Amino acid sequence: MKQSIDFEAYYRIAPPTLILKPNPPYYTILVANDAYKSVTNTSDKDLIGKGVFTAFPQNPNDSETENAQSMYDSFNFVLRTKQQHILPAQRYDIPIRGTDDYERRYWVVTNFPMLDDNGEVSYIIHTPIDITSTFILAKNERIITEVSDSTIKNLKEFFSQAPVAIAMVKGKEMRLELANPHMLQLWGKTTDIIGKAMGVALPELIGQPILKLINHTYQSGKSHYTEDAKILLVREGLLQEAYFNMVYHPLRDASDQITGIIILATEVTEQVKGRTALLQEQQRSRLAIEAANLGIFDVDVERGILQGDARCRELFGIGSVNTTDQANDFMNALHPDDRQEVIQLMQNAFKKPIKNDDYDVEFRTLSMLDQQLRWVKAKGKLFFSRQGNPARFIGTVLDITREKREEQLKNDFIAMVSHELKTPLTSLKAYVQLMLKRVIQQKDMFMSESLTKADHQVNKMISMINSFLNIARLEAGGIKLEKNAFELNKLISEVINEVTVIIGPHKILFIENDEFWLEADRDKIGQVLTNLISNAAKYSPENREIKLDCQNLDRSVKVSISDNGIGIRENDLPNLFSRFKRIESEQTRNISGFGIGLYLCAEIVNSHNGKIWAESEYGKGTVFSFELPLLAE
C-alpha cells in the first residue's frame, strides 16, 4: 500500500498529531490535525510552514527544564536511528496566543519516523498526549522521570473520552488492556472482555488478518495502517461483515522495549458498501450499453470540450481516441443537410429555463473515414450549474440505419398503395355524385339518402388515403411548406364553414378578437384546424358545443379547441401525438381512425417552429392547443 494513503488514514483518526519535515534544526510543521490544534489552542495559521520551535519557543520563565533541547534531541534521535522515540513525562509550556504568557503543560511524547521506499525518513509523526492534570496532582514534579501509575490511569481516562475508537493490547499474548466505549461499540462487546486475550475476547477474529497484523506490529516495532479492512464480527448475535480504517501503533517503555499495541479504528462499512454498489451499478450500466451497442458522449459546455467513446466515434466515422479536436470533428461528421438543424437544437436546449431537459433527436452522419452514411438516434440530458448556466450535456447515440431503411421501404409501400387506391376512389366518387344528381331529379328519397351516405364514406376513404400519402411524404421529407402572409381569423371562419357539414349537430362557438397575421402555409394550418375540430366532434356526444379561441401571446398566437367529450386519461397524454397512436377505451372502441391525424398536426405545427399540446380531465373533456409565431412587423 502506498505510504501517502496510509499516512492519510493515520492522520484522519489519530490522537493529537503533527507531521514534521525532517529538516534540522527547523523541523518544519507540514500538517496538524484537528485534535492537535484543539489541545494546543492553535490554528493552521499559527502552525503550518513554521519550524516547530518557532511555533512553540522555549518558555523564558522556565528555568527548571531544558524541554526544547530534549525535544530537539528526540527529533535528532529519530532522524539518526530511524526508530521511534518516546519522551515520558515531558514538560513543555505552550504560548498563549496574542500574549507574552505561557501555559504550563506536561506531555507524553512519541516521535515516529515515516520511511520512504529507500528507507530514508520522509516525515516525523509527532504525537504528544496531554498529562498535565496528572502532574498537577503530583507532590514533586522534579522527580518524575517516567510515566507513573497515575499517568497510566490518566491515559486510560483520555482513551475512554477520545472521539475515535481506541484499544490497547499488552504482551505477546495480546491481552486486551483497555478498549474505550467507541471500540466496544464497534466490536459489539461489553467491558467483560477487558483483561482477556484478543482471541478469547473476540473468538471470531481467529483466522482473520487483524490478529496477524497486531502480532506483526508487536514483533517488528513498526506501525501499520489499513484502509477498508474487512473484518467479520459477531454483533447483536449475528456474524456481520464490517469494514474499518485501522492504525496499529507499538507502545514502548522507557528502555525502548515494546510493551503493547495501540489500535485506532474508524468504521467505514457504509462508505465501502456504497462504493461497491456504485461500482456494480456502473458495471451493469456498461454491460447494458455494450449489449445495446450504444455510444456515449459527454460535453463539458463551460469549457467547450466534447468527448465520445469508441462506439460513438465509430458512428460518426471519427478515428483515433487521440483526436485533438473532437468537438469540431463531431460537428464536421454531421450530414450537411442535418448539421445546421442539430446545432440549432443543441443551442436552443442550452437557452432553456433552468431545468434538466431531455434531448432526443435523429440525424444522419457521414463518416470522415469512408464517407459511409448512417442514421443515428441521440438521447441526452442537459445539466445546469448552480448559477443557471449549461454545464454538462451527457447522452448516448444508437445506430438506427437499418430501422430507417426498413421504415423507408414501408413508407414507399404505403405511398404506392395509397396512390393506387386514390385513382379508383376518385372515379367512384365521380360516379356516386353523378348518380346522386340524377336520383335527386327523380325525387327518389331512398336512393338519394343511400348515395349521400355512400358519398360520405368515399370522402372518408379519400381523406384517410390523403393522410397516408402525407405521412409518406413527410417521412421522405416531401411535405414542403409554402409560406405566405394571411390573417388567422379569416382562415378559421372558412374552416368552420367547411367542417360544419361534416360534424353534424355539433355547434362551434368562435368569437373573433384581434387580427392575427401569420407567415405560414395556409393550407397546412387549415388542415390542422380541420383535424382538431373533427376530433372534438368525433369524441364528444352529439349536440355538444365546441369552443374555439385565439389568444395573443405578444410574439405568438395560441389557438385552443375545447370540447365536453369523453376526455383522455393522464397516462395517455404523453404519446397522444405519436404516429398510429390511438386511445383505447370502451368509449373509443367503435370510433374509426388510424392514429394519423394528430401526428400530422404535430409535424405541421413543429415545422412552423410552433408547439402543440393537449390538456384533459377524463370524462369531462379535452382542450387541444397550438402556438404559432406571429408575422414580424
For this session: Report, ordered by chain and residue number, the aspartates and glutamates lying within cross-link reach of Lys189, taken as a straight Cα distance under 14 Å and ignoring same-chain residues fewer than 8 apart.
Result: Glu204, Glu236
For this session: Starting from the Cα of Lys37, draw a straight line to each of the aspartates and glutamates and keep only those under 12 Å, dropping any in the same chain fewer than 8 residues away.
Result: Asp46
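What is the local net charge at Leu366, summed over the other residues whose Cβ is closer than 13 Å to its Cβ (Lys, Arg +1; Asp, Glu -1)?
Details: positive: Arg339, Arg364, Arg374; negative: Asp329, Asp337, Asp338, Asp370.
Computed value for this residue: -1.
Which of rounded, prolate, oblate describes the stretch 483-629, given a ≥ b ≥ c as roots of the alpha-carbon gyration tensor eigenvalues and a/c under 1.5 marking rounded, otherwise prolate only if a/b is larger than b/c?
Values: a/c = 1.76, a/b = 1.39, b/c = 1.26.
Prolate shape, in that a/c is at least 1.5 and a/b is the bigger ratio.
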Problem set entry | Number of Lys pairs (Cα under 20 Å; 8 or more positions apart or on different chains) in the stretch 483-629 | 20
Problem set entry | Distant-in-sequence amide H partners of Arg544 (H built 1.01 Å from N, under 5 Å) | Lys507
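Just to be sure I follow: if Rg is taken over the C-alpha atoms of the stretch 295-398 and Rh is the Kirkwood radius over the same atoms, what is Rg/Rh? Intermediate values should be presented prior to the final figure.
Working: Rg = 13.3 Å, Rh = 13.9 Å.
With Rg and the Kirkwood Rh in hand, the quotient comes to 0.96.
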Seminar exercise, completed: Subtracting the Cα-Cα distance of Glu204 and Val501 from 0.36 nm times their residue separation yields 98.1 nm
Exercise. Based on the Cβ-Cβ distance of Gln442 and Leu573, what FRET efficiency does E = 1/(1 + (r/R0)^6) give at R0 = 41 Å, to the nearest 0.05?
Worked result: 0.20
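Based on the Cβ-Cβ distance of Thr54 and Ile400, what FRET efficiency does E = 1/(1 + (r/R0)^6) give at R0 = 51 Å, to the nearest 0.05? Could you put the intermediate results ahead of the total?
Working: r = 70 Å, r/R0 = 1.37.
The value I calculate is 0.15.
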For this session: Set the Förster radius R0 to 22 Å, insert the Cβ-Cβ distance between Arg392 and Gln240 as r into 1/(1 + (r/R0)^6), and round the FRET efficiency to 0.05.
Result: 0.05
Exercise. Is the stretch 358-431 rounded, prolate or oblate when judged by the Cα gyration tensor, a ≥ b ≥ c being the square roots of its eigenvalues, rounded requiring a/c under 1.5 and prolate requiring a/b larger than b/c?
Worked result: oblate
Problem set entry | Table column - 3J(HN,Hα) (Hz), the stretch 51-59, Karplus curve with 6.51, -1.76, 1.60, x for Gly and Pro | x, 4, 7, 7, 5, 10, x, 4, 5
Seminar exercise, completed: Within the under-13-Å Cβ sphere about Val169, not counting Val169, Lys/Arg +1 and Asp/Glu -1 give a net charge of +2
Exercise. With labels modelled as points extended 7 Å from the Cα through the Cβ direction, what inter-label distance (nm, one decimal) is found for Gln408 paired with Glu281?
Worked result: 4.1
For this session: May I ask you to evaluate 6.51 cos²θ - 1.76 cosθ + 1.60, the Karplus curve with θ = phi - 60°, for each residue of the stretch 397-408 and list the ³J(HN,Hα) values in order in whole Hz, giving x for glycine and proline?
Result: 10, 10, 6, 10, 4, 4, 4, 5, 5, 5, 5, 5
For this session: Just tell me which aspartates and glutamates come within less than 17 Å, Cα to Cα, of Lys437; anything on the same chain fewer than 8 places away is out.
Result: Glu449, Asp455
Problem set entry | In the stretch 358-421, trypsin sites (Lys or Arg not before Pro) in a DSSP loop with at most 12 other beta-carbon atoms within 10 Å | Arg386
Exercise. When only DSSP loop residues count, what GluC sites (Glu not before Pro) in the stretch 212-282 have their Cβ near at most 15 other Cβ atoms within 10 Å?
Worked result: Glu236
Problem set entry | Total formal charge among the other residues, if their Cβ is under 14 angstrom from that of Phe486, Lys/Arg +1 and Asp/Glu -1 | -3
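Readers should treat all values here as calculations from the given coordinates under stated rules, not as data from a laboratory. Because the structure is predicted, anything quoted here is derived from the model rather than measured. Methodologically, a virtual Cβ is constructed for each residue, glycine included, from the backbone with ideal geometry; neighbour enumeration extends over all protein chains shown.
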